[in-house]
Amino acid sequence: MEEDQNITKKKGEDRFSDLMFGSRRDNDPDEEPEMKRENQPSIDYGELMIHFDSLMESAKNLKPLFQKVIPFVEQIWKKK
């Protein structure tokens, strides 16, 4: 047990800090962001806008349906 405490003291960490914050890495911090950038897919904003436009168009088409259904829902709420 004393050996474990000596080892953690040598590392400069305690078990609680290691559990809560993770172990410290000796890697170069500049390498990690580059790896993350490589794994992230690029966003196609043109395709995103096309999908957003179709979503808005669908919502506009559903608006008359909701206007017809809302009175029925209000009647059900009044009965309770």
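The values are calculated or read from the model by the stated rules, or taken from the named source; none is laboratory data. Worth saying up front: this structure is predicted, and the values here are computed from it rather than measured. Note: areas computed on protein heavy atoms with side chains; ligands, DNA, RNA excluded. Shrake-Rupley method; radii C 1.70, N 1.55, O 1.52, S 1.80 Å.
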Give me the accessible area of Glu47, 1.4 Å probe, in Å² rounded to the nearest 10.
100 Å²
When all protein chains stay in place, what accessible area (Å², nearest 10, 1.4 Å probe) is found for Phe66?
120 Å²
Run the numbers for Asp18 and Glu74: contour at 0.36 nm per residue of separation, minus the present Cα-Cα distance, in nm.
14.5 nm
Probe 1.4 Å, all protein chains in place: accessible area of Asp53 in Å², nearest 10?
90 Å²
